[in-house]
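Enquirer: Got a structure here, written out as structure tokens. Questions coming.
All of the numbers you see were taken from the coordinates with simple rules; none came from a lab. Just so it is clear, the structure is predicted and the values come from calculations on it, not from any experiment. As a convention, Cβ positions derive from the backbone with ideal geometry for all residues, glycine included, and neighbour counts pool all protein chains shown.
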Amino acid sequence: MTATTTLAYDDVNVGDVLPELSVPLTRTLIVATAIASRDYQDVHHDPGLAQERGSKDIFMNILSTNGFVGRFITDWAGPDAVLERVKIRLGAPNYPGDTMVMTGTVVEKHDGLVEVAVKGANSLGDHVTGTVRLALPRDTT
Amino acid sequence: MSDAFLEKARSFEGRDVGPAEPGADAVNQAMIRHWCEAIGDTNPVYTDPEAARRSVHGGIVAPPVMLQAWVMRGVRPRPAAGGNARDELMAILDAAGFTSVVATDCEQEYHRYLRLGDHLSMTSTIESISDEKKTALGAGHFVTTRSDYHDQQGELVASMRFRILKFKPGERKTGDQPKRPRPAVTQDNAFFFEGARHGQLLIQRCKSCGELRHPPRPMCARCRSLEWDTVEATGRGTLYSFVVNHHPQVPAFDYPLVVGLVQLEEGTRLVSNVIGVDPADVRVGMPLELEMVAFDDELTLPQFHPAPG
């Protein structure tokens with residue numbers, strides 16, 4: 001749930017830990033997010049073809065991973081936070097039936113910008129690691 | 001992999017992918033809503049006009065991380081010919097056996113948030129093609145592409161660096177090859193599988209009237225006797241009927257799989273596989289010969305190959 005108020009830049013400190021976000025990876029979620037991003041690659045909806053291509057099942061597409069990273073950040077920061085850069089690397093695939101737990105820590109702040117290190121881990125390991133740079137308002141009053 | 005292949009692939013480094021690829025639709029509320037529902041993103045600046053108006057954005061904006069969705073090709077197939085440089089490069093990698101693809105890295109910079117009605121187009125450059133790397137998925141090459149997104153006025157609104165791994169799906173280790181499904185052995189049919197283990201194709205015979213029958217069952221359909229014994233088939237027969245199974249595929253079998261109904265010269269028929277022949281060359285009536293195949297330590301089954309001559 002997105003916070004209704006936005007964090008002020010001055011209220012955020014390096015080392016702050018973001019509220020954890022747990023994402024149950026249902027088959028429906030993986031297919032729905034792939035289609036919502038207009039990604040019709042068979043590995044994101046067809047288990048048989050995914051297996052032929054060397055995967056044990058369908059898996060989440062990278063556009064959706066970006067989507068969850070974005071949501072994770074603004075759930076915490078609020079609607080007036082402005083994302084400037086999202087940089088991610090994928091590792092263990094998000095397969096149906098698993099759960100991805102997203103965690104994050106503020107690692108840097110300067111000139112109204114905050115840098116957050118994010119991670120989304122599933123039972124196989126780190127699905128995504130990366131950083132997000134966002135701008136926060138100086139004053140929210 | 002040959003140097004010629006990599007040289008050909010590397011010739012794409014620095015090349016523009018092709019003409020700008022425009023999005024099918026302008027930034028619109030319906031696609032944003034679908035995205036937010038699927039991701040579970042409740043940020044009101046994406047879907048609530050009133051809340052968005054009060055926000056720093058002053059109106060509805062698209063989730064910045066939705067960037068690529070605005071220019072995705074969707075379900076439409078790629079044109080068979082006349083693709084862009086990316087398509088050409090992918091075809092070269094496909095032809096070299098690197099047929100699978102997985103995205104590994106993505107870096108997006110947003111110069112401004114997108115508003116309803118913005119119409120994006122994307123221009124891309126192929127930055128680099130890596131040496132062959134061994135990965136958990138299989139051997140492959142990383143391909144890095146840089147894309148710029150412009151709006152309808154030509155303003156640069158976002159940039160992206162995207163890396164994919166084009167790889168050969170890992171070879172299945174023989175130890176991992178699943179075993180053929182076990183037959184359901186009953187007191188009526190046990191002789192058949194026991195015979196196969198000893199290299200014999202046995203046919204059930206009525207002890208009272210001599211009628212042969214298959215598949216095995218307790219009673220003779222002709223004289224209703226429950227007494228029976230077996231005779232060994234010569235293994236010669238003809239193909240009475242068949243299907244070639246392409247799908248669905250069960251891992252223990254090789255495909256295309258020819259499933260045949262074999263007419264034995266003794267008169268009974270049995271379902272088996274026709275092996276040692278191109279499925280395209282299988283014909284009804286073709287002479288067949290028995291070949292006992294041991295699939296593993298426990299399972300031997302009669303199979304048939306074309307009779308020589």
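Enquirer: Between B:Ala30 and B:Glu132, 0.36 nm times their residue separation minus their Cα-Cα distance comes to what?
Expert: Full-extension gain reported as 32.5 nm.
Enquirer: Run the paramagnetic zone check for A:Asp126: 7 angstrom along Cα to Cβ, then residues of segment A:74-92 with backbone nitrogen under 11 Å.
Expert: Counting backbone N atoms under 11 Å from the label point, the list is A:89-92.
Enquirer: Then there's this: Normalise the Debye intensity by I(0) for segment A:9-135, one equal point scatterer per Cα, no solvent, then take log10 at q = 0.16, 0.19 Å⁻¹ and round to two decimals.
Expert: Taking Cα atoms of segment A:9-135 as identical point scatterers yields -0.76, -0.99.
Enquirer: Got the relative contact order for segment B:156-309 handy, in percent, Cα pairs under 8 Å and 6 or more residues apart?
Expert: This gives 20 percent for segment B:156-309.
Enquirer: What does the charge add up to near B:Arg222, with Lys and Arg as +1, Asp and Glu as -1, over the other residues with Cβ less than 14 Å from its Cβ?
Expert: Summing Lys/Arg as +1 and Asp/Glu as -1 gives +3.
Enquirer: Here's a follow-up. What is the mean number of Cβ atoms from other protein chains located within 10 Å of the Cβ atom of each residue in peptide B:52-64, rounded to a whole number?
Expert: 3
Enquirer: List the trypsin sites (Lys or Arg not before Pro) in segment A:50-103 that DSSP assigns to loop (not H, G, I, E or B) and whose Cβ has at most 13 other Cβ atoms within 10 Å. Which are they?
Expert: Counting only loop positions with at most 13 other Cβ atoms within 10 Å, the trypsin sites (Lys or Arg not before Pro) in segment A:50-103 are A:Lys56.
Enquirer: Filter A:Lys56/A:Lys119; B:Lys8/B:Lys168; B:Lys134/B:Lys179; B:Lys133/B:Lys179; A:Lys87/B:Lys134; A:Lys87/B:Lys168 down to the pairs with a C-alpha to C-alpha distance above 20 Å, please.
Expert: Over 20 Å Cα-Cα: A:Lys56/A:Lys119; B:Lys134/B:Lys179; B:Lys133/B:Lys179; A:Lys87/B:Lys134; A:Lys87/B:Lys168.
Enquirer: Would you calculate a helix-derived [θ] at 222 nm for chain B, using -39,500 (n - 2.57) for each DSSP H run of n ≥ 4 and dividing by the full residue count, to the nearest 500?
Expert: Rounded to the nearest 500, the figure is -4000 deg cm²/dmol.
Enquirer: Could you give the nm distance between label points at B:Val75 and A:Thr26, where each point is 7 Å from its Cα heading toward the beta carbon?
Expert: Using points 7 Å along Cα→Cβ, the separation is 2.1 nm.
Enquirer: Quantify how much of the Cα-Cα distance distribution of chain B extends past 32 Å, in percent.
Expert: Beyond 32 Å sits 56 percent of the P(r) for chain B.
Enquirer: If you don't mind, another one. Could you give the length gained by full extension between B:Leu116 and B:Asp188, i.e. 0.36 nm per residue of separation minus their alpha carbon distance, to one decimal place?
Expert: Gain in length upon complete extension: 18.7 nm.
Enquirer: Using alpha carbon centroids, what distance separates segment A:47-118 and segment B:211-249, in Å?
Expert: Value for the Cα centre distance between the two parts: 58 Å.
Enquirer: Choose one of B:Leu89, B:Phe295, B:Pro49: the residue whose Cα lies farthest towards the positive end of the charge dipole of the protein assembly as shown (beta-carbon charges +1 Lys, Arg; -1 Asp, Glu; about the Cα centre).
Expert: Working it through, the farthest residue towards the positive pole turns out to be B:Phe295.
Enquirer: For chain B, the longest stretch holding no trypsin sites (Lys or Arg not before Pro) located in a DSSP loop with at most 14 other Cβ atoms within 10 Å is which?
Expert: B:74-171
Enquirer: Right, something else. List the cysteines of chain B that have no other Cys Cβ closer than 4.7 Å: which are they?
Expert: Isolated Cys, chain B: B:Cys36, B:Cys106.
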